[in-house]
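Shown next, in structure tokens, is the structure this report addresses.
The values are calculated or read from the model by the stated rules, or taken from the named source; none is laboratory data. Every value quoted in this text rests on a predicted model; they were computed, and no experiment measured them. Using ideal geometry, Cβ is built from the backbone for each residue, glycine included, and neighbour counts are taken over all protein chains shown. Note: areas computed on protein heavy atoms with side chains; ligands, DNA, RNA excluded. Shrake-Rupley method; radii C 1.70, N 1.55, O 1.52, S 1.80 Å.
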Amino acid sequence: MATRQLIAFIIVGTLSAYNHRSTAQSTGEARQYKTCSEAPAQSAVYTIVLHNGFAPFQAFCEQQKYGGGWLVLKNRYDGSVSFNRSWDEYRNGFGNTEQEYWLGLEKIHQVTADQEHELLIVIENFTDFSAHEIYAGFRVENEATNYTLRLSNVENSYHGTARDSFWVYRNEQFSTYDRINDKSILDCSILAGSGHWHYDCGTGYKSSNLNGEYSRTTLGGRRGIWWGAFGGQQFPLRKTRMMIRVGENS
């Protein structure tokens with residue numbers, strides 16, 4: 001009798017587990033993950049569900065390059081989406097997660113609030129030459145700070161093939177054309193045509209404008225998409241991606 005009851009218990013348990021998996025797959029629950037590191041090995045759009053109660057959201061997870069586990073914050077590759085957007089749009093996000101998009105400052109803050117992340121920036125110019133740079137200690141503060149950017153304050157805490165043109169923006173507040181928070185009197189977001197953590201309106205070796213106007217040709221002033229250490233404004237970029245994953249020391 002005990003043996004028959006045990007067999008029945010196992011069968012019922014197995015069917016229950018199978019039905020749960022089937023229901024999860026049909027409702028999309030199986031595609032919900034706390035981080036991209038927990039998602040399947042296939043690069044795709046997944047639903048991210050944070051442990052802090054923030055509303056679930058969709059994001060692209062890069063799983064097949066640079067060791068995988070990367071949550072894509074921004075993707076640009078054809079100029080189909082304008083990145084000269086308002087404060088509200090940068091806060092909430094815009095574009096298509098399977099194409100060109102900006103995840104949204106509030107989501108980025110929520111993801112990085114409790115743990116520092118690595119930031120991976122990948123760039124490619126119109127001659128198909130690509131490079132990348134990885135920064136330690138990445139997080140974004142809340143809106144009350146105007147989404148201040150944090151990176152490790154340790155100099156040379158970055159590495160890669162692109163060479164640094166982003167570390168100068170650590171501790172800077174985000175700016176858009178309708179909410180200027182940079183240190184310059186020149187309104188950098190307007191001059192550069194981009195929302196960004198503008199330090200000033202410089203165009204030197206250590207500066208960049210990854211959210212600038214998409215153009216194959218060199219644009220005047222501070223406009224265009226460029227990376228100072230990768231030829232600057234004279235070599236416009238065709239592709240740019242910003243991705244994060246939990247840092248090794250977190």
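Quick notes on this one:
- Given charges at beta-carbon only (K, R positive; D, E negative), |dipole| of the chain in Debye: 440
- Choice from 96, 125, 156 showing the highest fluctuation, given a GNM over the chain with Cα pairs closer than 10 Å: 156
- Mean Cα-pair separation over length for the chain, i.e. relative contact order, pairs under 8 Å, 6 or more apart, %: 17
- Base-10 log of normalised Debye intensity for the range 45-89 (one unit scatterer per alpha-carbon) at q = 0.25 Å⁻¹: -1.03
- Between 0 and 90°, nearest 10: helix 2-27 axis offset from the chain longest Cα axis: 30
- Net charge of the neighbourhood of residue 163, taken over other residues with C-beta under 13 Å away and scored Lys/Arg +1, Asp/Glu -1, is -1.
- Per residue, the chain exposes an accessible area of 50 Å² to a 1.4 Å probe, with every protein chain left in place.
- Most mobile of 93, 220, 104 in a GNM of the chain (Cα contacts under 10 Å): 220
- Take each peptide in 186-192, 39-45, count the other Cβ atoms within 10 Å of every residue, and average; sorted highest first, the result is 186-192, 39-45.
- Whole-percent carbon and sulfur share, accessible surface of the chain, 1.4 Å: 50
- Per-residue [θ]222 nm for the chain (sum of -39500 (n - 2.57) over DSSP H runs n ≥ 4, rounded to 500): -5500 deg cm²/dmol
- Kirkwood Rh in Å, taken over the range 98-250 so that all alpha-carbon pairs contribute: 15.6
- Choice from 137, 160, 228 with maximal GNM fluctuation in the chain (Cα, 10 Å cutoff): 160
- With Cα atoms defining each centre, the range 75-91 and the range 196-250 are spaced 14 Å apart in the structure.
- The relative contact order of the range 62-149, computed from alpha carbon pairs under 8 Å that lie at least 6 residues apart in sequence, is 20 percent.
- The Rg/Rh ratio for the range 79-183 is 0.97, where Rg is the radius of gyration of the alpha carbons and Rh is the Kirkwood radius.
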